[in-house]
Amino acid sequence: MLTVRGLDAWYGRSHVVQGLDLEVRAGEIVTLMGRNGAGKTSTLKAIMGLMARRAGSVVFDGHEILALPAHRRFHLGLAYVPEERRIVPGLTVRENLRLGLIAGAERHAEAERIAEIGATFPRLAERMEQEGASMSGGEQQMLAIARALIARPRMLLLDEPSEGIMPLLVHEMFELFVRLRQAGTTILLVEQNVEQALRISDRAVILDQGRIVHQGEAAALLADREIQERYCAV
């Protein structure tokens, strides 16, 4: 579904992603691991087209997308949920969800899509008319994910979804990711909770200073404490 070859990306003069080769097959959860500053978020942003300087090849669902703007990638079925969540202040949960429909050109299906989201996220269904920015951090994260899902993307790029969220909601969130995979959504995940992420993932890729230094089956990496401590310990 996603094939990345020789990906390079820069912040100013900083070469933050260096010659990265990555493949994510349809129906997989793949986790990007590594310490802070390893290049994980930059990789997601480069794949999504949110970095000004980038080079290499990014093929999504048979389309070369490196030169496409982010909104065109979204229309092809690639959605990104940033760590910052970006819930729009002053808008209700329902109105924040509508933004996903507007971007995805699916406004005609609004009632059906919002009903689907309510069934998937019962907490949001109870708060449709509440201002999104007034909810807890965990609920805002669910809203950010729901806003990406409402356009029915084929692949999700998730950046640190459990950051600052209470353990109960983290557990619910990871259960959701498993259900999404079972329903056919492919996920590329950046996650600080290494153990939780590896338990639900098919494969994992470890980055260090913008380069891939190790990759393999998630179960094998979960059992390899030496690798985790070498590259993922804070």
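The values are calculated or read from the model by the stated rules, or taken from the named source; none is laboratory data. Treat the numbers as computed from the prediction; the structure is a model and nothing was measured. Every residue, glycine among them, receives a Cβ derived from its backbone with ideal geometry; neighbour counts consider all protein chains shown. SASA here: full protein model, heavy atoms, side chains in, ligands and nucleic acids out. Shrake-Rupley method; radii C 1.70, N 1.55, O 1.52, S 1.80 Å.
A few points about this structure:
- Take the Cα of Val213, step 7 Å toward its Cβ, do the same at Glu112, and the gap between the two points is 4.9 nm.
- Shape analysis of region 38-172 based on the Cα gyration tensor places the equivalent ellipsoid semi-axes at 26, 18, 12 Å, largest first.
- Translational diffusion of region 30-100, estimated by Stokes-Einstein from the Kirkwood radius over alpha carbon pairs at 37 °C in a medium of 0.692 mPa s, is 235 µm² per second.
- Projecting the Cα atoms of Ala109, Val4, Leu176 onto the dipole axis of the chain, where Lys and Arg carry +1 and Asp and Glu carry -1 at the beta carbon, places Val4 farthest toward the positive end.
- Accessible area in the full protein assembly, largest first, 1.4 Å probe, for Arg5, Arg199: Arg199, Arg5
- Theoretical gain in end-to-end length, His71 to Glu84 [0.36 nm per residue, Cα-Cα removed]: 2.8 nm
- Heavy-atom accessible area, probed at 1.4 angstrom with all protein chains present, ranks Leu50, Leu180 as Leu50, Leu180, highest first.
- Rounded to whole Hz, the Karplus (6.51, -1.76, 1.60) HN-Hα couplings of region 57-68, x for glycine and proline: 9, 10, 10, 10, 6, x, 10, 6, 10, 4, 8, 7
- Charge dipole of the chain about the Cα centre (unit charges at C-beta), most positive-ward option of Leu20, Ile145, Met128: Leu20
- Extension gain for the segment Asn36 to Ala52, taken as residue separation times 0.36 nm less the Cα-Cα distance, is 3.6 nm to one decimal.
- Dividing the helix sum by the residues of the chain, where each DSSP H run of 4 or more adds -39500 (n - 2.57), gives a mean residue ellipticity at 222 nm of -11000 deg cm²/dmol.
- When both bridge partners sit in the chain, DSSP labels roughly 60% of those beta bridges antiparallel.
- Taking Cα atoms only, the orientation of helix 137-149 departs from the longest principal axis of the chain by about 90 degrees.
- Centroid-to-centroid, using Cα positions, region 1-72 and region 108-160 are 25 Å apart.
- Divide the volume of the convex hull around the Cα atoms of region 154-228 by the residue count and you get 103 Å³ per residue.
- Computed accessible area, Lys40, all protein chains, 1.4 angstrom probe, square angstrom: 20
- Per residue accessible area in Å² of the chain, where ligands, DNA and RNA are left out and the probe is 1.4 Å: 45
- Normalised by the number of residues in the chain, the mean separation of alpha-carbon contacts (under 8 Å, six or more apart) gives a relative contact order of 28 percent.
- Note on His63: accessible area is roughly 90 Å² with a 1.4 Å probe, heavy atoms of protein only.
- Arg35 sits with roughly 90 Å² accessible to a 1.4 Å probe, with DNA, RNA and ligands left out of the calculation.
- Rg then Dmax, both in Å and based on the Cα atoms of the chain: 17.2, 52.
- Probe 1.4 Å, all protein chains present, accessible-area order of Tyr80, Tyr11, largest first: Tyr11, Tyr80
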